[in-house]
Structure formats: C-alpha cells, structure tokens
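These notes concern the structure reproduced below.
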Amino acid sequence: LTYAWIFNEYPTFVHQDNRRFVSQETGNLYIAKVEASDVGNYTCVVTNTVTNSRVLGPPTPLILRNDGVMGEYEPKIEVQFPEMVPSAKGTTVKLECFALGK
C-alpha cells in the first residue's frame with residue numbers, strides 16, 4: 001500500500017516539504033507549524049500497488065484557531081521501531097520518529 005493526501009480537491013496532493021510529511025508506515029499526515037495556507041479539507045488516498053486500485057477516505061477539515069489558544073499538549077515522542085530491521089550491507093534504512101506537543 002502507498003499513502004497520499006489530497007488538499008481540498010483532486011488533483012491537488014499534499015507535497016512533502018520541511019513542514020509536511022506523509023508516513024508510508026501508518027498513512028498519517030504530519031504538519032508542523034500550521035499556517036493559514038494549510039486550512040482546508042484533507043482526504044487520505046490509499047493505493048494498492050498490486051492492483052493499482054485506490055480508496056479515498058472522508059474529508060477531514062483543518063481549521064486554524066484565531067483565539068490564540070493552542071491547547072496544552074504535553075511533549076510526546078512517537079516511535080514505532082520494530083525490534084529488528086534486517087537490511088543488506090550498503091542499503092539505506094529509514095526509521096520514522098516524531099516529536100509532538102509543546
């Protein structure tokens with residue numbers, strides 16, 4: 001399976017950059033330092049790479065609060081590393097780790 005996210009409507013996909021990341025392990029979309037330009041609807045697209053079929057989830061709205069209240073989120077590190085990661089010598093291994101909260 002591969003994961004992607006549509007921003008507002010097809011064919012506008014979320015492009016990964018220094019603020020946006022789509023996990024190919026979980027399908028989660030991460031956005032750091034949300035800005036006004038991020039406001040809109042996000043729809044997850046899951047593609048089966050064997051059959052090349054796609055399924056779209058329901059749109060999820062992102063709303064930017066104007067009252068300055070961010071809420072209190074205790075810092076949390078999300079790590080889902082497997083016990084072992086077999087790999088061949090000279091290959092690249094990618095591990096995902098996210099720091100959330102403030």
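The values are calculated or read from the model by the stated rules, or taken from the named source; none is laboratory data. These numbers were taken from a predicted model, which means no experiment stands behind them. Heads up, the Cβs are rebuilt from the backbone with ideal geometry, glycines too, and the neighbour counts pull from every protein chain shown. Remember, those area values only see protein heavy atoms, side chains included, never the ligands or the DNA or RNA. Shrake-Rupley method; radii C 1.70, N 1.55, O 1.52, S 1.80 Å.
Based on Cα atoms of the chain, Rg over Rh with Rh as the Kirkwood radius reads 1.02. Exposure check, 1.4 Å probe, all protein chains in place: residue 42 carries approximately 10 Å² of accessible surface.
Under 10 Å, Cα contacts only: if you run a Gaussian network model on the chain, which one of 82, 58, 11 comes out with the highest mean-square fluctuation? Its mean-square fluctuation being the largest, the pick is 82. Within the chain, what whole-number % of the accessible surface is contributed by carbon and sulfur, with the 1.4 Å probe and all protein chains included in the calculation? That fraction is 56 percent. Restricting the stretch 17-50 to trypsin sites (Lys or Arg not before Pro) that sit in a DSSP loop and have at most 13 other Cβ atoms within 10 Å of their own Cβ leaves 19, 33.
Heavy-atom accessible area for residue 43, with the other protein chains in place and a 1.4 Å probe, reaches approximately 20 Å².
Given a 1.4 Å probe, how much area per residue of the chain is accessible, in Å²?
Values: 8140 Å² over 102 residues.
Roughly 80 Å² per residue, with all protein chains present.
The GluC sites (Glu not before Pro) of the stretch 1-91 that DSSP puts in a loop, and whose beta carbon has at most 14 other beta carbons within 10 Å, are 9, 25, 35, 72, 83.
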